[in-house]
1. Assess whether Glu538 counts as being under 21 Å from Leu282 (Cα atoms) and either in a helix (DSSP H, G or I) or free of Cβ contacts under 8 Å to residues at least 24 places away in the same chain (or both).
2. For region 266-289, name all the residues that are within 23 Å of Asp524 (Cβ to Cβ) and more than 15 Å from the chain's Cα centre (by Cα).
3. Among the listed residues Val280, Val218, which satisfies the condition of being at pLDDT 95 or above and either charged (D, E, K, R) or surrounded by fewer than 19 Cβ atoms within 10 Å (Cβ to Cβ) (or both)?
4. From the list Asn138, Asn227, Asn209, exactly one residue is assigned by TED's automatic domain parsing to the domain that holds Thr112 and surrounded by fewer than 20 Cβ atoms within 10 Å (Cβ to Cβ). Which is it?
5. Looking at Trp408, is it under 27 Å from His278 (Cβ atoms) and either in a loop (DSSP other than H, G, I, E, B) or touching an Asp or Glu at 6+ places or on another chain (Cβ under 9 Å) (or both)?
6. Where the second residue is part of a loop (DSSP other than H, G, I, E, B) and of a type in the set (A, V, I, L, M) and the first is in the same structural domain as Val295 (by TED's automatic domain parsing) and lies in region 184-200, which pairs have Cβ atoms under 7 Å and are six or more apart or on separate chains?
7. Answer yes if at least one residue in region 86-95 is within 24 Å of Met232 (Cα to Cα), touching a strand residue (DSSP E or B) at 6+ places or on another chain (Cβ under 6 Å) and modelled with pLDDT of 85 or more, and no otherwise.
8. Is there a residue being among the charged types (D, E, K, R), closer than 30 Å to Glu60 by Cβ and assigned to a loop (DSSP other than H, G, I, E, B) anywhere in region 149-165?
Amino acid sequence: MPITSTDTMNARHFQPDRLSRLKSWFVAASVLLLQACGSSNENEDRASLPAAPTPLPADEQIAIVRPTGTALADAQLGQPLQVEWTLPTTFSISSVRLFAFLFTSNDDAATTHECAALGSHSSTSATTGTIIIPTRCNEKRIARVQLKVVVRGMAGEQVAATHEFRRTPAEEFVPTATDLPIVRITTEGSAPIVSKAEYVSATLTIDPNGTDAAALSVPLRIRGRGNSTWAMPKKPYKLKLDEKTSLLGMPADRDWVLLANYADKSLLRNQVAFELGHRVGLAWSPRFRSVELFVNDEYLGVYQLGEGIKVAAHRVDIPELNELDTSGSALTGGYLLEVDERLDGDVYYVTRLGVPFVLDTPEEPTPEQLSYIWDYIQQTEDAILASDFADPLTGYAAYIDVDSFVNWYLVNELLKNNDAVFWSSCWMYKQREGKLFMGPLWDFDIAAGNINYNGNDDPTGWWIRNSRWISRLFEDPAFETRVKARWNELKVEHFDTILDYIDESAAALALGASNNFNRWPILDQWVWPNAVVTGSYEGEIAYLKDWLQTRIAWMDAQFNP
(Lines give C-alpha, C1' and ligand atoms only; values in the text may rest on other atoms or scores of the structure.)
Protein backbone atom coordinates (compact mmCIF):
# COMPACT_ATOMS: atom_id res chain seq x y z
CA MET A 1 0.00 0.00 0.00
CA PRO A 2 1.28 3.53 -0.66
CA ILE A 3 2.39 5.74 2.19
CA THR A 4 -0.33 7.98 3.55
CA SER A 5 1.83 10.00 5.93
CA THR A 6 5.40 10.32 7.13
CA ASP A 7 6.20 12.19 10.31
CA THR A 8 9.55 13.10 11.77
CA MET A 9 10.70 14.39 15.12
CA ASN A 10 13.48 15.27 17.51
CA ALA A 11 13.68 12.87 20.43
CA ARG A 12 15.79 11.41 23.21
CA HIS A 13 15.70 7.89 24.58
CA PHE A 14 13.87 7.07 27.83
CA GLN A 15 13.50 3.92 29.92
CA PRO A 16 10.00 3.32 31.38
CA ASP A 17 9.42 0.69 34.00
CA ARG A 18 7.61 -2.51 33.01
CA LEU A 19 4.25 -1.50 34.55
CA SER A 20 4.01 1.76 32.59
CA ARG A 21 5.52 0.39 29.37
CA LEU A 22 2.26 0.11 27.42
CA LYS A 23 1.13 3.62 28.35
CA SER A 24 4.50 5.09 27.42
CA TRP A 25 4.34 3.37 24.04
CA PHE A 26 1.14 5.23 23.12
CA VAL A 27 2.62 8.53 24.31
CA ALA A 28 5.73 7.98 22.19
CA ALA A 29 3.71 7.03 19.11
CA SER A 30 1.53 10.12 19.46
CA VAL A 31 4.55 12.38 19.72
CA LEU A 32 6.11 10.75 16.66
CA LEU A 33 3.00 11.50 14.66
CA LEU A 34 2.76 15.14 15.73
CA GLN A 35 6.34 16.36 15.71
CA ALA A 36 8.38 17.30 12.64
CA CYS A 37 12.03 16.41 11.97
CA GLY A 38 14.34 19.14 13.12
CA SER A 39 11.65 21.02 15.09
CA SER A 40 13.08 24.08 16.79
CA ASN A 41 10.40 24.34 19.52
CA GLU A 42 12.35 23.66 22.68
CA ASN A 43 9.13 23.39 24.72
CA GLU A 44 7.81 20.41 22.77
CA ASP A 45 7.82 17.07 24.51
CA ARG A 46 10.52 14.69 23.38
CA ALA A 47 10.10 10.96 23.41
CA SER A 48 11.46 7.83 21.82
CA LEU A 49 11.26 4.09 22.01
CA PRO A 50 12.80 2.16 24.88
CA ALA A 51 16.51 1.76 24.41
CA ALA A 52 16.38 -1.97 25.17
CA PRO A 53 13.32 -4.21 24.80
CA THR A 54 12.45 -6.72 27.48
CA PRO A 55 14.45 -9.95 26.93
CA LEU A 56 12.27 -12.70 25.48
CA PRO A 57 12.84 -16.34 24.56
CA ALA A 58 14.56 -17.03 21.26
CA ASP A 59 11.37 -18.27 19.61
CA GLU A 60 9.75 -14.90 20.29
CA GLN A 61 12.45 -12.85 18.57
CA ILE A 62 11.84 -11.14 15.22
CA ALA A 63 14.09 -10.12 12.33
CA ILE A 64 14.14 -7.62 9.50
CA VAL A 65 14.65 -9.69 6.34
CA ARG A 66 14.39 -6.94 3.73
CA PRO A 67 16.08 -4.66 2.79
CA THR A 68 19.42 -6.42 3.00
CA GLY A 69 21.97 -3.77 1.98
CA THR A 70 23.90 -1.78 4.55
CA ALA A 71 25.21 1.21 2.54
CA LEU A 72 23.27 4.42 2.99
CA ALA A 73 22.31 4.26 -0.69
CA ASP A 74 20.32 1.11 0.14
CA ALA A 75 18.09 3.20 2.40
CA GLN A 76 16.76 5.07 -0.68
CA LEU A 77 16.63 8.40 1.15
CA GLY A 78 13.63 10.45 0.16
CA GLN A 79 11.94 7.53 -1.60
CA PRO A 80 9.50 4.87 -0.39
CA LEU A 81 11.53 2.03 1.14
CA GLN A 82 9.86 -1.36 1.43
CA VAL A 83 10.70 -3.23 4.64
CA GLU A 84 9.84 -6.83 5.50
CA TRP A 85 10.08 -8.55 8.88
CA THR A 86 9.07 -11.64 10.82
CA LEU A 87 6.61 -11.74 13.73
CA PRO A 88 6.66 -13.60 17.07
CA THR A 89 4.30 -16.56 17.37
CA THR A 90 4.02 -17.03 21.15
CA PHE A 91 2.05 -13.98 22.29
CA SER A 92 -0.92 -11.89 21.14
CA ILE A 93 0.20 -8.74 19.32
CA SER A 94 -1.28 -5.34 20.15
CA SER A 95 0.80 -3.20 17.74
CA VAL A 96 3.49 -3.31 15.07
CA ARG A 97 5.43 -0.15 14.28
CA LEU A 98 8.21 0.68 11.81
CA PHE A 99 10.65 3.50 12.62
CA ALA A 100 13.85 4.98 11.21
CA PHE A 101 16.26 6.79 13.51
CA LEU A 102 18.60 9.30 11.84
CA PHE A 103 22.15 10.25 12.82
CA THR A 104 24.39 12.86 11.20
CA SER A 105 27.54 11.16 12.46
CA ASN A 106 28.86 7.69 11.73
CA ASP A 107 30.17 7.54 15.29
CA ASP A 108 28.77 4.51 17.11
CA ALA A 109 29.22 6.42 20.35
CA ALA A 110 26.30 8.62 19.29
CA THR A 111 23.45 6.58 20.76
CA THR A 112 20.82 9.32 20.69
CA HIS A 113 19.28 9.93 17.31
CA GLU A 114 18.79 13.47 16.03
CA CYS A 115 15.68 12.87 13.92
CA ALA A 116 13.21 10.06 13.39
CA ALA A 117 10.70 8.93 10.77
CA LEU A 118 7.58 6.85 11.28
CA GLY A 119 6.57 4.28 8.69
CA SER A 120 3.12 3.61 7.34
CA HIS A 121 0.73 2.21 9.95
CA SER A 122 0.79 -1.57 10.20
CA SER A 123 -1.89 -4.00 11.28
CA THR A 124 -1.12 -6.45 14.08
CA SER A 125 -0.45 -9.16 11.49
CA ALA A 126 1.64 -7.01 9.12
CA THR A 127 5.00 -8.33 7.99
CA THR A 128 5.74 -5.53 5.50
CA GLY A 129 5.72 -1.76 5.67
CA THR A 130 6.83 1.34 3.81
CA ILE A 131 8.82 4.26 5.13
CA ILE A 132 10.29 7.42 3.63
CA ILE A 133 13.56 8.36 5.28
CA PRO A 134 14.35 12.09 4.89
CA THR A 135 17.45 13.15 2.98
CA ARG A 136 18.43 15.70 5.65
CA CYS A 137 18.24 16.01 9.41
CA ASN A 138 18.36 19.51 10.88
CA GLU A 139 19.75 20.67 7.51
CA LYS A 140 22.67 18.24 7.85
CA ARG A 141 23.59 15.27 5.68
CA ILE A 142 22.62 11.94 7.15
CA ALA A 143 25.46 9.55 7.93
CA ARG A 144 23.66 6.65 9.59
CA VAL A 145 20.10 5.29 9.70
CA GLN A 146 18.76 2.65 12.02
CA LEU A 147 15.57 0.92 10.95
CA LYS A 148 13.59 -0.49 13.83
CA VAL A 149 10.49 -2.69 13.93
CA VAL A 150 8.85 -2.85 17.34
CA VAL A 151 6.18 -5.40 18.20
CA ARG A 152 4.19 -5.10 21.44
CA GLY A 153 2.03 -7.74 23.06
CA MET A 154 -1.31 -7.45 24.79
CA ALA A 155 0.32 -8.14 28.16
CA GLY A 156 3.12 -5.59 27.68
CA GLU A 157 5.59 -7.83 25.89
CA GLN A 158 7.97 -6.01 23.58
CA VAL A 159 10.33 -7.33 20.93
CA ALA A 160 12.29 -5.36 18.34
CA ALA A 161 14.54 -5.90 15.34
CA THR A 162 16.97 -3.39 13.85
CA HIS A 163 18.81 -2.94 10.57
CA GLU A 164 21.44 -0.27 10.01
CA PHE A 165 22.55 1.73 6.97
CA ARG A 166 25.77 3.75 6.96
CA ARG A 167 27.28 6.27 4.62
CA THR A 168 30.24 4.42 3.15
CA PRO A 169 33.65 5.96 2.44
CA ALA A 170 32.66 5.90 -1.25
CA GLU A 171 29.56 7.98 -0.53
CA GLU A 172 31.75 10.49 1.30
CA PHE A 173 34.27 10.70 -1.54
CA VAL A 174 35.06 14.17 -2.89
CA PRO A 175 37.70 14.44 -5.63
CA THR A 176 40.79 16.46 -4.85
CA ALA A 177 41.67 16.96 -8.53
CA THR A 178 39.43 17.27 -11.60
CA ASP A 179 39.98 18.28 -15.21
CA LEU A 180 36.41 18.14 -16.56
CA PRO A 181 33.86 20.95 -16.29
CA ILE A 182 32.16 20.86 -12.90
CA VAL A 183 28.37 21.04 -12.71
CA ARG A 184 26.70 21.84 -9.41
CA ILE A 185 22.95 21.55 -8.89
CA THR A 186 21.46 22.87 -5.67
CA THR A 187 17.77 22.20 -5.06
CA GLU A 188 15.57 24.50 -3.01
CA GLY A 189 15.80 23.44 0.62
CA SER A 190 18.09 20.56 -0.44
CA ALA A 191 14.94 18.75 -1.61
CA PRO A 192 15.62 15.23 -2.89
CA ILE A 193 15.08 14.37 -6.56
CA VAL A 194 12.94 11.27 -6.25
CA SER A 195 10.41 11.47 -9.07
CA LYS A 196 10.40 11.09 -12.84
CA ALA A 197 7.17 13.08 -13.00
CA GLU A 198 7.55 15.94 -10.51
CA TYR A 199 10.19 18.63 -11.02
CA VAL A 200 12.18 20.19 -8.16
CA SER A 201 13.27 23.83 -8.37
CA ALA A 202 17.03 24.29 -8.31
CA THR A 203 20.04 26.29 -9.48
CA LEU A 204 22.59 25.03 -12.01
CA THR A 205 26.17 26.29 -11.84
CA ILE A 206 28.90 25.40 -14.34
CA ASP A 207 32.57 25.84 -13.45
CA PRO A 208 34.67 25.54 -16.65
CA ASN A 209 37.53 24.19 -14.50
CA GLY A 210 40.25 25.20 -16.93
CA THR A 211 38.35 24.17 -20.09
CA ASP A 212 37.11 26.55 -22.79
CA ALA A 213 33.51 26.26 -21.57
CA ALA A 214 31.65 29.32 -20.33
CA ALA A 215 30.86 29.75 -16.64
CA LEU A 216 27.24 30.35 -15.74
CA SER A 217 24.61 30.07 -13.03
CA VAL A 218 20.97 29.69 -14.01
CA PRO A 219 17.67 28.70 -12.38
CA LEU A 220 16.07 25.46 -13.52
CA ARG A 221 13.87 22.55 -12.55
CA ILE A 222 15.12 18.97 -12.32
CA ARG A 223 13.52 15.52 -12.18
CA GLY A 224 14.51 11.93 -12.75
CA ARG A 225 14.43 10.22 -16.14
CA GLY A 226 15.11 6.83 -17.74
CA ASN A 227 13.59 3.37 -17.40
CA SER A 228 15.94 0.66 -16.05
CA THR A 229 18.57 3.36 -15.43
CA TRP A 230 16.32 5.20 -12.95
CA ALA A 231 16.39 2.12 -10.71
CA MET A 232 20.20 2.20 -10.51
CA PRO A 233 22.09 3.86 -7.62
CA LYS A 234 23.58 6.54 -9.89
CA LYS A 235 20.51 8.32 -11.27
CA PRO A 236 19.99 10.07 -14.62
CA TYR A 237 18.18 13.42 -14.69
CA LYS A 238 16.16 15.70 -16.94
CA LEU A 239 16.73 19.47 -16.70
CA LYS A 240 14.39 22.29 -17.71
CA LEU A 241 15.98 25.73 -17.61
CA ASP A 242 13.84 28.82 -17.06
CA GLU A 243 15.20 30.31 -20.31
CA LYS A 244 16.96 28.98 -23.39
CA THR A 245 20.66 28.87 -22.56
CA SER A 246 23.79 27.50 -24.22
CA LEU A 247 25.52 24.92 -22.03
CA LEU A 248 29.17 24.01 -22.61
CA GLY A 249 29.10 25.45 -26.13
CA MET A 250 26.02 23.52 -27.28
CA PRO A 251 23.14 25.42 -28.97
CA ALA A 252 20.82 27.22 -26.57
CA ASP A 253 17.73 25.39 -25.35
CA ARG A 254 15.68 24.95 -22.21
CA ASP A 255 15.69 21.14 -22.16
CA TRP A 256 18.78 19.08 -21.27
CA VAL A 257 19.63 15.69 -19.82
CA LEU A 258 22.28 14.24 -17.54
CA LEU A 259 23.13 10.64 -18.46
CA ALA A 260 24.63 8.58 -15.62
CA ASN A 261 26.03 5.59 -17.61
CA TYR A 262 26.15 3.56 -14.39
CA ALA A 263 26.06 0.14 -16.06
CA ASP A 264 28.51 1.19 -18.79
CA LYS A 265 31.85 1.17 -17.02
CA SER A 266 33.62 2.53 -20.09
CA LEU A 267 31.45 5.67 -19.67
CA LEU A 268 31.72 5.95 -23.46
CA ARG A 269 29.15 3.81 -25.28
CA ASN A 270 26.57 6.55 -25.75
CA GLN A 271 29.29 8.97 -26.77
CA VAL A 272 30.67 6.51 -29.34
CA ALA A 273 27.19 5.92 -30.79
CA PHE A 274 26.47 9.62 -31.19
CA GLU A 275 29.89 10.15 -32.77
CA LEU A 276 29.06 7.41 -35.27
CA GLY A 277 25.77 9.16 -35.93
CA HIS A 278 27.67 12.28 -36.94
CA ARG A 279 30.06 10.23 -39.08
CA VAL A 280 27.42 8.34 -41.04
CA GLY A 281 25.51 11.54 -41.81
CA LEU A 282 22.28 11.31 -39.83
CA ALA A 283 20.53 14.68 -39.90
CA TRP A 284 21.08 15.19 -36.16
CA SER A 285 22.71 13.21 -33.40
CA PRO A 286 22.66 14.44 -29.78
CA ARG A 287 25.63 16.49 -28.56
CA PHE A 288 27.05 15.77 -25.11
CA ARG A 289 29.92 16.87 -22.88
CA SER A 290 31.43 14.87 -20.01
CA VAL A 291 31.23 16.66 -16.66
CA GLU A 292 31.66 15.91 -12.98
CA LEU A 293 28.42 16.40 -11.11
CA PHE A 294 27.59 17.56 -7.58
CA VAL A 295 23.98 17.60 -6.37
CA ASN A 296 23.39 19.43 -3.09
CA ASP A 297 27.16 19.33 -2.49
CA GLU A 298 27.28 15.53 -2.87
CA TYR A 299 29.71 14.27 -5.51
CA LEU A 300 27.94 11.94 -7.95
CA GLY A 301 30.67 11.20 -10.48
CA VAL A 302 31.08 11.60 -14.24
CA TYR A 303 27.92 12.36 -16.22
CA GLN A 304 27.17 13.27 -19.81
CA LEU A 305 25.41 16.63 -20.00
CA GLY A 306 23.71 17.18 -23.31
CA GLU A 307 20.77 17.34 -25.64
CA GLY A 308 17.61 15.31 -25.23
CA ILE A 309 15.47 14.42 -28.22
CA LYS A 310 12.92 17.10 -29.08
CA VAL A 311 11.61 19.15 -31.98
CA ALA A 312 13.78 22.28 -32.18
CA ALA A 313 15.83 24.19 -34.73
CA HIS A 314 19.12 22.70 -33.52
CA ARG A 315 17.75 19.22 -32.78
CA VAL A 316 15.02 17.43 -34.74
CA ASP A 317 14.49 20.28 -37.16
CA ILE A 318 10.91 19.89 -38.37
CA PRO A 319 7.94 22.28 -38.18
CA GLU A 320 6.09 22.42 -34.88
CA LEU A 321 2.41 21.72 -35.39
CA ASN A 322 -0.26 23.78 -33.66
CA GLU A 323 -4.00 23.32 -33.29
CA LEU A 324 -4.67 25.20 -36.54
CA ASP A 325 -2.59 22.82 -38.67
CA THR A 326 -5.44 20.49 -39.57
CA SER A 327 -5.47 20.42 -43.37
CA GLY A 328 -3.39 20.79 -46.50
CA SER A 329 0.40 20.63 -46.44
CA ALA A 330 0.50 21.93 -42.83
CA LEU A 331 -1.10 18.68 -41.69
CA THR A 332 1.70 16.57 -43.18
CA GLY A 333 4.43 17.52 -40.71
CA GLY A 334 6.16 17.53 -38.47
CA TYR A 335 5.71 14.53 -36.28
CA LEU A 336 8.23 12.98 -33.86
CA LEU A 337 7.62 9.37 -32.84
CA GLU A 338 9.29 6.58 -30.90
CA VAL A 339 8.90 2.84 -31.28
CA ASP A 340 8.48 1.84 -27.64
CA GLU A 341 7.11 -1.48 -26.35
CA ARG A 342 6.53 0.16 -22.96
CA LEU A 343 4.00 2.52 -24.60
CA ASP A 344 5.47 5.19 -22.35
CA GLY A 345 3.35 8.09 -23.51
CA ASP A 346 -0.17 9.45 -23.60
CA VAL A 347 -0.77 8.93 -27.34
CA TYR A 348 0.20 5.71 -29.10
CA TYR A 349 -0.68 3.38 -31.94
CA VAL A 350 0.12 -0.28 -32.51
CA THR A 351 0.32 -1.27 -36.15
CA ARG A 352 -1.25 -4.38 -37.60
CA LEU A 353 2.19 -6.01 -37.49
CA GLY A 354 2.42 -5.13 -33.78
CA VAL A 355 4.91 -2.24 -33.97
CA PRO A 356 4.17 0.13 -31.04
CA PHE A 357 4.51 3.83 -31.88
CA VAL A 358 4.32 6.58 -29.25
CA LEU A 359 3.70 10.13 -30.49
CA ASP A 360 6.10 12.55 -28.84
CA THR A 361 5.32 15.69 -30.83
CA PRO A 362 2.86 17.35 -31.10
CA GLU A 363 2.14 16.83 -27.42
CA GLU A 364 -1.58 17.59 -27.79
CA PRO A 365 -2.49 16.52 -31.32
CA THR A 366 -5.83 17.36 -32.88
CA PRO A 367 -8.04 14.52 -34.12
CA GLU A 368 -7.04 15.40 -37.69
CA GLN A 369 -3.35 15.22 -36.86
CA LEU A 370 -3.71 11.89 -35.10
CA SER A 371 -5.69 10.45 -37.96
CA TYR A 372 -3.12 11.65 -40.47
CA ILE A 373 0.03 10.34 -38.77
CA TRP A 374 -1.41 6.97 -37.78
CA ASP A 375 -2.75 6.48 -41.29
CA TYR A 376 0.67 7.36 -42.69
CA ILE A 377 2.43 4.91 -40.38
CA GLN A 378 0.04 2.13 -41.30
CA GLN A 379 0.34 2.92 -45.01
CA THR A 380 4.12 2.75 -44.64
CA GLU A 381 3.94 -0.65 -42.99
CA ASP A 382 1.45 -1.88 -45.58
CA ALA A 383 3.82 -0.78 -48.34
CA ILE A 384 6.72 -2.60 -46.66
CA LEU A 385 4.68 -5.80 -46.45
CA ALA A 386 3.05 -5.54 -49.90
CA SER A 387 3.89 -7.95 -52.70
CA ASP A 388 5.28 -5.06 -54.77
CA PHE A 389 7.15 -3.58 -51.76
CA ALA A 390 10.37 -3.22 -53.79
CA ASP A 391 8.81 -1.02 -56.45
CA PRO A 392 10.71 2.31 -56.19
CA LEU A 393 7.58 4.32 -57.05
CA THR A 394 4.79 2.56 -55.18
CA GLY A 395 6.62 0.43 -52.60
CA TYR A 396 8.29 1.34 -49.29
CA ALA A 397 10.60 3.91 -50.93
CA ALA A 398 7.56 6.10 -51.56
CA TYR A 399 7.04 6.40 -47.78
CA ILE A 400 10.45 6.28 -46.08
CA ASP A 401 13.72 8.13 -46.54
CA VAL A 402 15.81 5.09 -47.41
CA ASP A 403 19.20 6.71 -46.76
CA SER A 404 18.25 7.56 -43.17
CA PHE A 405 17.11 3.96 -42.60
CA VAL A 406 20.43 2.67 -44.00
CA ASN A 407 22.56 4.97 -41.84
CA TRP A 408 20.52 4.32 -38.68
CA TYR A 409 20.69 0.59 -39.33
CA LEU A 410 24.47 0.51 -39.73
CA VAL A 411 25.17 2.26 -36.41
CA ASN A 412 22.73 0.08 -34.46
CA GLU A 413 23.89 -3.12 -36.12
CA LEU A 414 27.56 -2.27 -35.64
CA LEU A 415 26.96 -1.72 -31.91
CA LYS A 416 24.47 -4.63 -31.77
CA ASN A 417 22.08 -2.43 -29.82
CA ASN A 418 19.74 -4.78 -27.96
CA ASP A 419 16.71 -2.46 -27.82
CA ALA A 420 16.89 -1.33 -31.45
CA VAL A 421 15.01 -4.36 -32.80
CA PHE A 422 11.97 -2.09 -32.80
CA TRP A 423 11.65 -2.58 -29.04
CA SER A 424 12.40 0.91 -27.69
CA SER A 425 14.36 4.10 -28.34
CA CYS A 426 13.79 3.72 -32.10
CA TRP A 427 12.96 7.28 -33.11
CA MET A 428 11.44 8.48 -36.37
CA TYR A 429 10.20 11.83 -37.63
CA LYS A 430 8.18 13.07 -40.58
CA GLN A 431 8.94 16.27 -42.39
CA ARG A 432 6.17 18.47 -43.80
CA GLU A 433 5.35 17.20 -47.30
CA GLY A 434 8.15 14.68 -46.77
CA LYS A 435 8.77 11.05 -46.01
CA LEU A 436 9.36 9.17 -42.75
CA PHE A 437 12.98 9.53 -41.57
CA MET A 438 14.74 7.11 -39.22
CA GLY A 439 16.53 8.68 -36.26
CA PRO A 440 17.86 10.20 -34.16
CA LEU A 441 19.99 7.67 -32.28
CA TRP A 442 19.39 7.07 -28.57
CA ASP A 443 20.25 4.78 -25.64
CA PHE A 444 23.42 2.73 -26.16
CA ASP A 445 24.69 2.12 -22.61
CA ILE A 446 24.03 -1.63 -22.87
CA ALA A 447 25.17 -1.92 -26.49
CA ALA A 448 28.59 -2.93 -27.88
CA GLY A 449 28.82 -6.13 -25.85
CA ASN A 450 27.74 -4.66 -22.51
CA ILE A 451 24.89 -7.14 -22.08
CA ASN A 452 24.58 -10.76 -20.97
CA TYR A 453 21.38 -11.86 -22.72
CA ASN A 454 19.93 -12.35 -26.20
CA GLY A 455 23.40 -13.36 -27.34
CA ASN A 456 24.37 -9.73 -27.76
CA ASP A 457 27.63 -10.14 -25.90
CA ASP A 458 28.73 -12.08 -29.01
CA PRO A 459 30.34 -9.69 -31.54
CA THR A 460 29.25 -11.95 -34.40
CA GLY A 461 25.78 -12.54 -35.83
CA TRP A 462 23.08 -10.24 -37.15
CA TRP A 463 20.69 -8.59 -34.71
CA ILE A 464 18.92 -5.49 -36.05
CA ARG A 465 18.50 -7.19 -39.42
CA ASN A 466 16.01 -9.57 -37.81
CA SER A 467 13.64 -6.88 -36.53
CA ARG A 468 10.19 -5.92 -37.80
CA TRP A 469 10.24 -3.68 -40.88
CA ILE A 470 14.05 -3.98 -41.20
CA SER A 471 13.98 -7.71 -41.95
CA ARG A 472 11.47 -7.10 -44.73
CA LEU A 473 13.59 -4.32 -46.23
CA PHE A 474 16.48 -6.76 -46.51
CA GLU A 475 14.32 -8.98 -48.69
CA ASP A 476 14.74 -6.31 -51.35
CA PRO A 477 18.13 -6.90 -53.08
CA ALA A 478 18.32 -3.18 -53.85
CA PHE A 479 18.15 -2.29 -50.15
CA GLU A 480 20.81 -4.84 -49.22
CA THR A 481 23.04 -3.54 -52.01
CA ARG A 482 22.56 -0.01 -50.68
CA VAL A 483 23.54 -1.07 -47.16
CA LYS A 484 26.65 -2.88 -48.42
CA ALA A 485 27.70 0.11 -50.54
CA ARG A 486 27.27 2.49 -47.60
CA TRP A 487 29.29 0.17 -45.34
CA ASN A 488 32.16 0.16 -47.82
CA GLU A 489 32.02 3.95 -48.11
CA LEU A 490 32.29 4.40 -44.35
CA LYS A 491 34.40 1.51 -43.10
CA VAL A 492 38.01 2.61 -43.48
CA GLU A 493 37.64 6.29 -42.64
CA HIS A 494 34.85 6.19 -40.07
CA PHE A 495 34.31 2.71 -38.63
CA ASP A 496 37.91 1.50 -38.36
CA THR A 497 39.04 4.80 -36.83
CA ILE A 498 36.39 4.72 -34.11
CA LEU A 499 38.90 2.67 -32.10
CA ASP A 500 41.31 5.63 -32.13
CA TYR A 501 38.44 7.87 -31.06
CA ILE A 502 37.82 5.58 -28.08
CA ASP A 503 41.50 5.80 -27.08
CA GLU A 504 41.42 9.61 -27.25
CA SER A 505 38.15 9.84 -25.33
CA ALA A 506 39.29 7.41 -22.62
CA ALA A 507 42.51 9.40 -22.16
CA ALA A 508 40.49 12.59 -21.74
CA LEU A 509 38.33 10.82 -19.14
CA ALA A 510 41.16 9.18 -17.19
CA LEU A 511 41.08 11.44 -14.14
CA GLY A 512 37.30 11.77 -14.20
CA ALA A 513 36.89 8.00 -14.46
CA SER A 514 39.21 7.53 -11.49
CA ASN A 515 37.05 9.90 -9.46
CA ASN A 516 33.85 8.28 -10.70
CA PHE A 517 34.89 4.80 -9.64
CA ASN A 518 36.08 6.03 -6.27
CA ARG A 519 32.55 7.31 -5.79
CA TRP A 520 30.99 4.18 -7.32
CA PRO A 521 33.47 1.34 -6.62
CA ILE A 522 31.95 -1.17 -9.05
CA LEU A 523 34.83 -1.99 -11.39
CA ASP A 524 35.25 -5.39 -9.73
CA GLN A 525 31.49 -5.97 -9.30
CA TRP A 526 28.85 -7.26 -11.69
CA VAL A 527 26.25 -4.63 -12.53
CA TRP A 528 23.19 -5.51 -14.58
CA PRO A 529 23.55 -6.45 -17.42
CA ASN A 530 27.36 -6.58 -17.73
CA ALA A 531 28.75 -9.37 -19.87
CA VAL A 532 32.20 -9.14 -18.24
CA VAL A 533 33.79 -7.75 -15.09
CA THR A 534 37.31 -6.62 -15.94
CA GLY A 535 38.26 -5.05 -12.61
CA SER A 536 39.73 -1.83 -14.04
CA TYR A 537 38.84 1.11 -16.24
CA GLU A 538 41.65 0.17 -18.61
CA GLY A 539 40.14 -3.32 -18.82
CA GLU A 540 36.73 -1.88 -19.69
CA ILE A 541 38.19 0.20 -22.51
CA ALA A 542 40.16 -2.79 -23.82
CA TYR A 543 37.04 -4.96 -23.80
CA LEU A 544 35.02 -2.33 -25.67
CA LYS A 545 37.74 -1.93 -28.31
CA ASP A 546 38.32 -5.67 -28.74
CA TRP A 547 34.58 -6.27 -29.07
CA LEU A 548 34.18 -3.55 -31.69
CA GLN A 549 37.25 -4.63 -33.66
CA THR A 550 35.86 -8.16 -33.86
CA ARG A 551 32.41 -6.84 -34.78
CA ILE A 552 33.76 -4.65 -37.58
CA ALA A 553 35.76 -7.55 -39.01
CA TRP A 554 32.77 -9.91 -38.87
CA MET A 555 30.38 -7.47 -40.56
CA ASP A 556 32.93 -6.65 -43.23
CA ALA A 557 33.35 -10.35 -43.99
CA GLN A 558 29.58 -10.67 -44.43
CA PHE A 559 29.35 -7.68 -46.75
CA ASN A 560 32.49 -8.58 -48.66
CA PRO A 561 32.86 -12.39 -48.60
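The values are calculated or read from the model by the stated rules, or taken from the named source; none is laboratory data. Please read all numbers here as calculations on a predicted model, not as lab measurements. All Cβ positions, even for glycine, are placed from backbone atoms using ideal geometry, and neighbour counts span all protein chains on display.
1. In short, no.
2. Listed by number, the residues that qualify are Ser266, Leu268, Arg269.
3. That would be Val218, the only listed residue that is at pLDDT 95 or above and either charged (D, E, K, R) or surrounded by fewer than 19 Cβ atoms within 10 Å (Cβ to Cβ) (or both).
4. From the options Asn138, Asn227, Asn209, the qualifying one is Asn138.
5. In short, no.
6. Once the first residue is in the same structural domain as Val295 (by TED's automatic domain parsing) and sits in region 184-200, its partners that are part of a loop (DSSP other than H, G, I, E, B) and of a type in the set (A, V, I, L, M) give Thr187/Ile193; Pro192/Leu77; Val200/Ala191; Val200/Ile193.
7. no
8. So far as region 149-165 goes, yes, one or more of its residues are among the charged types (D, E, K, R), closer than 30 Å to Glu60 by Cβ and assigned to a loop (DSSP other than H, G, I, E, B).
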